[in-house]
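The values are calculated or read from the model by the stated rules, or taken from the named source; none is laboratory data. For clarity, every value in this text was computed on a predicted model and none was experimentally measured. In this analysis, Cβ positions are derived from the backbone assuming ideal geometry, glycine residues included, and neighbour counts consider all displayed protein chains.
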């Protein structure tokens with residue numbers, strides 16, 4: 001059922017109720033991974049490689065095993081040797097062999113921080129001391145950190161059996177290039193002949209961490225009967241179950257995963273690191289095991305997003321029509337294949353209606369941690385280059401950058417280079433909102449002495465996804481409602497599930513209690529990622545609520561002794577459908593629930609679906625900066641994030657998503673990067689040296705919600721969490737260029753790099 005007809009007035013959806021988990025988090029009742037404990041548990045610690053690339057010659061665990069208080073020590077020998085097998089379990093394709101070897105190195109270590117052993121003991125301090133007693137003998141090998149160097153002939157090879165996919169003829173020699181992908185529309189090579197103006201450039205981005213505040217943590221308990229319990233912070237309890245089952249050779253039915261509160265993920269908690277190790281330690285010791293990463297371990301041992309090098313070429317006519325476009329993207333995958341090269345190639349030109357476009361991508365391994373997803377994985381990297389080039393094109397043509405984008409904007413019926421024909425999109429609407437916004441139409445203001453000011457604009461795209469989701473609605477005997485879904489709440493999904501259920505049932509949202517179920521209490525649900533939960537799980541919950549509502553009507557019919565078809569539901573009550581149905585006073589949900597025992601028992605609704613028809617998200621961002629000419633420091637003065645959100649279920653949460661994505665993108669643009677020394681060791685594994693923006697660095701992020709409803713969702717929802725991080729890097733870069741007249745091609749645009757550019761312009 002569609003709830004967005006002309007005659008429908010929504011009473012709950014679109015409002016801003018207090019978040020259902022707010023009180024627990026404010027008063028400290030909410031249990032995160034490191035907070036959780038069970039009786040009799042011991043503590044696990046991981047031994048990590050100090051080398052970027054080395055062969056493991058031997059591991060001596062005898063001293064650690066002999067230490068009082070130590071209950072178990074494991075190495076890769078305690079885990080099954082998994083054969084190569086690829087499956088779509090996390091946010092992208094996962095090779096189980098690589099996942100296993102990333103969890104615990106088997107023959108070689110491939111990055112600084114790679115796990116080589118683990119120990120469990122009666123206290124954290126004993127476990128840490130025992131870990132230091134484990135002796136590992138290495139043969140240090142040459143390493144390669146940079147993606148371009150890794151692609152060169154003669155670079156140190158990480159995997160002797162890695163043959164590049166997507167190349168014809170198939171290579172016979174191993175290389176660090178795992179895969180080549182290509183998307184084409186028309187003939188870009190020939191189309192450049194039609195161009196009056198051509199811009200091209202090479203851009204580079206640094207790997208950055210998702211910088212979630214809560215580190216990876218878990219508690220596990222393996223029983224003597226082979227039944228395992230896992231409590232952890234992740235973006236998908238079913239994902240954790242599947243990974244652990246595969247990596248330890250356990251039947252899925254024998255693992256129960258309970259999701260705890262998650263203190264940030266942003267894609268970084270779509271893989272497993274500690275859970276399989278904790279299970280192996282618990283199985284060996286016969287005790288529950290708790291493991292918590294330190295902040296340094298998070299940076300050294302978990303996945304950041306990729307860094308990359310992007311080559312862009314765009315051609316246009318004098319009137320601003322883009323006639324040809326090309327983009328080549330090479331992404332760092334880290335130690336094992338699997339960078340987000342697919343999305344990086346799908347997204348950079350998806351904002352534009354182009355007939356001739358070519359995009360090539362390369363997935364490249366290097367001696368860094370295996371990458372994980374990060375909000376719209378891959379898209380911000382390639383879009384930084386493309387939107388910088390579009391800005392250059394506008395300058396060459398002496399055109400307003402908004403008008404140039406409007407001339408070329410994707411619209412309903414545009415065929416994207418990666419395949420689909422776009423429909424029900426709101427990109428033009430975001431540009432129109434930007435054009436008339438108080439921000440774009442305001443004066444930039446005079447720059448203080450020694451500084452220069454500039455304004456930039458950039459757009460971005462994310463395709464959004466649906467997928468498998470389950471939901472259940474239980475009508476309690478007192479008339480309250482419990483909603484159970486299968487997705488960890490990282491962006492307000494408990495609130496949106498409760499609101500959609502309340503809207504369907506016609507009751508106040510305060511009477512609905514949303515719960516995230518464990519793997520044994522709710523049907524399978526794909527992970528929380530890709531901006532899918534409000535769309536896909538929302539559809540499942542809506543269908544479950546509709547089932548419960550229909551059952552309420554049937555129960556009312558039984559009480560009135562009339563046909564169920566003669567009952568209709570309005571405003572949270574059952575009513576006779578017409579005069580012919582009989583004259584009965586309306587029955588409230590609470591009244592029907594109180595008599596459920598007399599009419600057939602508990603009233604429930606359940607739905608498990610594979611949701612299709614996710615609407616793509618488009619964003620346009622505006623940025624004002626002030627550049628200090630002496631220090632190179634860039635200050636963001638004003639920032640506005642504009643996005644087509646479909647229909648905002650809870651507008652405050654949606655605004656928060658836009659603000660958070662913008663802030664993370666600004667950090668990526670100006671400060672954040674992994675810094676490695678000559679030995680391949682990470683030099684900044686902590687927030688003192690890895691600089692993320694704080695409140696004092698930024699203005700209030702202004703938001704404009706554009707609502708072009710998705711007709712394939714009952715309430716018009718589109719995913720909103722990914723798109724906000726796509727435009728910021730280019731928006732900031734374009735603002736800097738507007739201020740100082742210099743195009744910055746490399747991220748981060750940190751003070752030393754900006755100052756060097758200023759000095760270079762003077763010489």
Consider residue 145 against the criteria (1) more than 20 Å from residue 312 (Cα to Cα); (2) surrounded by 14 or more Cβ atoms within 10 Å (Cβ to Cβ); (3) over 26 Å from the mean Cα position of the chain (by Cα): it satisfies all of them except one. Which criterion is unmet?
-> (3)
Per the list (1) in contact (Cβ under 8 Å) with a residue 40 or more places away in the chain; (2) more than 24 Å from residue 344 (Cα to Cα); (3) not in a helix (DSSP H, G or I), residue check on residue 145 breaks on (2)
Tell me, yes or no, whether region 357-372 has at least one residue that is touching a strand residue (DSSP E or B) at 6+ places or on another chain (Cβ under 9 Å) and assigned to a helix (DSSP H, G or I).
-> no
With the condition kept exactly as written, say whether any residue in region 199-220 is under 28 Å from the mean Cα position of the chain (by Cα), closer than 24 Å to residue 336 by Cβ, in a helix (DSSP H, G or I) and touching a residue at least 40 places away in the same chain (Cβ under 8 Å).
-> no
Where residue 223 falls short, out of the listed (1) in contact with a strand residue (DSSP E or B) (Cβ under 9 Å, 6 or more places away or on another chain); (2) farther than 29 Å from residue 685 by Cα; (3) at pLDDT 95 or above | (3)
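Yes/no per residue for (1) in a loop (DSSP other than H, G, I, E, B); (2) on the phi < 0 side of the Ramachandran plot; (3) without any contact (Cβ under 8 Å) to a residue 40 or more places away in the chain:
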position	(1), (2), (3)
453	no, yes, no
457	no, yes, no
484	no, yes, yes
520	yes, yes, no
Would you please list the contacts, defined by Cβ atoms under 9 Å and residues six or more apart or on different chains, that run from a residue in region 31-59 that is surrounded by fewer than 23 Cβ atoms within 10 Å (Cβ to Cβ) to a residue that is modelled with pLDDT under 95 and outside any loop (DSSP other than H, G, I, E, B)?
-> 31/24
Checking residue 73 against (1) out of contact with any helix residue (DSSP H, G or I) (no Cβ under 9 Å at 6 or more places or on another chain); (2) buried (at least 23 other Cβ atoms within 10 Å of the Cβ), which test does it fail?
-> (1)
Of the residues that make up region 633-646, is at least one under 30 Å from residue 430 (Cα atoms), under 21 Å from the mean Cα position of the chain (by Cα) and either at pLDDT below 95 or not in a strand (DSSP E or B) (or both)?
-> yes
Over region 702-747, the set of residues in a loop (DSSP other than H, G, I, E, B) and either within 17 Å of residue 382 (Cβ to Cβ) or touching a strand residue (DSSP E or B) at 6+ places or on another chain (Cβ under 8 Å) (or both) is 707, 708, 718, 719, 720, 722, 726, 727, 743, 744, 745, 747
Among the numbered criteria (1) on the phi > 0 side of the Ramachandran plot; (2) out of contact with any strand residue (DSSP E or B) (no Cβ under 8 Å at 6 or more places or on another chain); (3) without any contact (Cβ under 8 Å) to a residue 60 or more places away in the chain, which single criterion is violated by residue 174?
-> (1)
Name every residue in region 165-198 that is part of a strand (DSSP E or B) and over 22 Å from residue 86 (Cα atoms), in order of residue number.
-> 183, 184, 185, 197, 198
Options 350, 325, 344: the member that is more than 16 Å from residue 374 (Cα to Cα), crowded, with 24+ Cβ neighbours inside 10 Å and in contact with a helix residue (DSSP H, G or I) (Cβ under 7 Å, 6 or more places away or on another chain) | 325
Pick from 445, 426: which is more than 21 Å from the chain's Cα centre (by Cα) and within 24 Å of residue 320 (Cα to Cα)?
-> 426
